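**Q** This is the structure I want to talk about, given as structure tokens.
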Amino acid sequence: MASLQCEAAGVFHVVFRLKGKWFKRSLDTKAESRALSRRDEIDETLDLLKRGRLEIPEGIQPQEFVLAAR
């Protein structure tokens, strides 16, 4: 499950756990609606990975795959 954090500058970051590691990345937006939408997309990708319906291709960093998938 992914969550959002709003940093002091007003930029939203997404935080999620994948394969036992915590990741925090900027979503490069100050718009809460856009951040919520991206969080939901990331949540869906994480769920598909957890259920085995999606696999991370070899040679790709897991966190980058999760952030790029839409």
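**Q** Where nothing but the Cβ of Lys and Arg (+1) and of Asp and Glu (-1) is charged, how large is the charge dipole of the chain around its Cα centre, in debye to the nearest 20? Intermediate results must be reported in sequence, preceding the final value.
**A** Values: 13 positive and 11 negative charges, 35 e Å.
That gives the chain a dipole magnitude of about 160 debye.
**Q** Same structure, new question: Per residue of region 60-67, what does 6.51 cos²θ - 1.76 cosθ + 1.60 with θ = phi - 60° give for ³J(HN,Hα)? Whole Hz please, x for Gly and Pro, Karplus curve as stated.
**A** Each residue of region 60-67 in turn: 10, 5, x, 5, 5, 4, 5, 6 Hz.
**Q** Given contacts defined as C-alpha pairs under 8 Å and at least six residues apart, what's the relative contact order of the chain, whole-number percent? The partial results should precede the final answer.
**A** Values: 87 pairs, mean separation 18.1, N = 70.
Contact order relative to length: 26 percent.
**Q** Additional query: Angle check, please: helix 32-50 long axis (alpha carbons) against the longest principal axis of the chain (alpha carbons), in degrees 0 to 90, nearest 10.
**A** Between the helix axis and the principal axis of the chain, the angle is about 20 degrees.
**Q** Go through 57-64, 27-34, 40-47 and give me the packing order, highest mean Cβ count within 10 Å leading.
**A** Values: 57-64: 9.9, 27-34: 12.8, 40-47: 16.6.
My ranking of the peptides, most packed first, is 40-47, 27-34, 57-64.
**Q** Ignoring any ligand, DNA or RNA, what whole percent of the accessible area of the chain comes from carbon and sulfur when the probe is 1.4 angstrom? Numbers along the way, then the final one.
**A** Working: 2330 of 4880 Å².
Carbon and sulfur together cover 48 percent of it.
The values are calculated or read from the model by the stated rules, or taken from the named source; none is laboratory data. As the structure is a computational prediction, the values presented were derived from the model and not from experiment. All Cβ positions, glycine included, derive from the backbone under ideal geometry; neighbour counts span all protein chains shown. SASA here: full protein model, heavy atoms, side chains in, ligands and nucleic acids out. Shrake-Rupley method; radii C 1.70, N 1.55, O 1.52, S 1.80 Å.
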